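Student: Quick one: structure below, then a few questions.
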Amino acid sequence: MFIAIENVCFSYSNSKENAIDEFSMTIEKGEVISILGRSGSGKSSILRILAGLELPTKGTFTIGDNVLFSSNIFVHPEKRGIGLVFQDYALFPHMTVTENIRFGLFRLSKKEKEKRIKEVLELVELTGFEKRYPYQLSGGQQQRVALARALAPKPNLLLLDEPFSNLDAELQYKIRKDLRDILKKANITSIFVTHDENDAHALADRIVKIDKGKIVKVGRPCDMLGMPIKQEVMQ
Ligand SMILES: Nc1ncnc2c1ncn2[C@@H]1O[C@H](COP(=O)(O)OP(=O)(O)OP(=O)(O)O)[C@@H](O)[C@H]1O
Ligand SMILES: [Mg+2]
């Protein structure tokens, strides 16, 4: 077991109800988890808690031997080694592709930075786009740069919050297949949040279904009975 999330509870300060209620799960190294739930079920909230952007009222979270939060520990977001790709996590418009990716690599030497930028651009198949600015890229290419930027510092865990929901259906379908290949090739442990069952089935090793902040079901995509699988995913 690589990641352990135990009994996490959280409520927003202006609300009495728990937005997250006793959320517990373990994740193996390299596993791709989809958290699937309807709008308002708590998907973004759990990612924000894991990223360190919200303080849980209860629970523990460990990656390997590192405790990131518990009753008396809280590691700040920038020290967690967690990569984020959020829907509105836009690229810096005044920076080229290379500069956007380099931004997260402040700990490396200049030579190491350039090597890593080359590697991640190959991974997301954007070699040759180094000098372009975001406005010179398609929506899908911009999303792949955002993914490359998050992957570049080799995060222990990558959190993705519906990053492709702005794309048209055809591009979304292509990107979700690419994304699984990229994550598997890089052996990146990741949690992908979606309200789209097709996304979850196409991407995940395991699906965690949540409702009102509670886990209601966990299973492999093929075990999730009662969840319609559309034709395109089964092929
Ligand atoms: N800043 C906030 N203050 C108070 N309540 C909030 C805040 N953000 C979210 N909530 C509430 O917490 C619950 C969970 O919200 P969350 O954003 O986690 O849902 P979600 O599953 O990501 O939804 P969506 O699919 O629409 O993005 C909702 O009832 C929401 O109204
Ligand atoms: Mg959300």
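Student: Give, as ranges by residue number, the residues of region 192-222 whose backbone N falls under 20 Å from the point 7 Å along Cα→Cβ of LYS184.
Tutor: Taking a point 7 Å out along Cα→Cβ of LYS184, the residues of region 192-222 whose backbone N falls under 20 Å are 192-194, 197-208, 219-222.
Student: Quick check: pseudo-label points 7 Å beyond the Cα along Cα→Cβ at GLU17 and ASP196, how many nm apart are they?
Tutor: Taking the two extended label points, one gets 2.7 nm.
Student: Accessible area per residue of the chain at 1.4 Å probe, in Å²?
Tutor: Details: 12380 Å² over 235 residues.
Result: 53 Å² per residue.
Student: Rounded to the nearest 500, what is the 222 nm mean residue ellipticity of the chain from helices alone, with -39500 (n - 2.57) per DSSP H run of 4+ residues and division by all residues?
Tutor: -8500 deg cm²/dmol
Student: Given the C-alpha centroids of region 155-220 and region 104-124, what is the distance between them in whole angstrom?
Tutor: Cα centroid of region 155-220 versus Cα centroid of region 104-124: 25 Å apart.
Student: Per the 1.4 Å probe, what fraction of the accessible area of the chain, in percent, lies on carbon and sulfur atoms? Display every interim value, and only then the final one.
Tutor: On the way: 6250 of 12380 Å².
Within the chain, the accessible surface is 50 percent carbon and sulfur.
Student: Please list ASP196, ASP168 in order of solvent-accessible area, largest first, computed with a 1.4 Å probe with all protein chains present. The partial results should precede the final answer.
Tutor: Working: ASP196 40, ASP168 95 Å².
Largest to smallest exposure gives the sequence ASP168, ASP196.
Student: I've got another one for you. Name the aspartates and glutamates eligible as straight-distance cross-link partners of LYS154: C-alpha to C-alpha under 14 Å, and not fewer than 8 places from it in the same chain.
Tutor: Filter leaves GLU78, GLU112, GLU119.
Student: Pairing the Cα long axis of helix 139-151 with the longest principal axis of the chain, what angle in degrees results, from 0 to 90 and rounded to the nearest 10?
Tutor: 80 degrees
Student: P(r) for region 1-116: what percent of alpha-carbon pairs falls in each 10 Å bin, starting at zero?
Tutor: Per 10 Å bin, starting at 0, the Cα pair percentages come out as 11, 36, 32, 17, 3, 0.
Student: Would you mind giving the average projected area, over all directions, of the Cα convex hull of the chain in nm² with one decimal? If you can, show how the numbers build up before the last one.
Tutor: Values: hull surface 53.7 nm².
Across all orientations, the chain yields a mean hull projection of 13.4 nm².
Student: Report the extension gain between THR127 and ARG38 in nm, rounded to one decimal, defined as 0.36 nm multiplied by the number of residues separating them, less their alpha carbon distance.
Tutor: So the extension gain works out to 28.4 nm.
Student: Assuming R0 = 25 Å, can you tell me the calculated FRET efficiency for the pair LYS177 and PHE103, based on Cβ-Cβ distance, to the nearest 0.05?
Tutor: 0.35
Student: Based on DSSP, what percent of beta bridges with both residues in the chain are antiparallel, to the nearest 5?
Tutor: Just about 55 percent of them are antiparallel.
The values are calculated or read from the model by the stated rules, or taken from the named source; none is laboratory data. None of the values given here were measured: they were computed from a predicted structure. Cβ sites come from the backbone with ideal geometry, for glycine too, and all protein chains shown count toward neighbours. These accessible areas exclude ligands, DNA and RNA; they are computed on the full protein's heavy atoms, side chains included. Shrake-Rupley method; radii C 1.70, N 1.55, O 1.52, S 1.80 Å.
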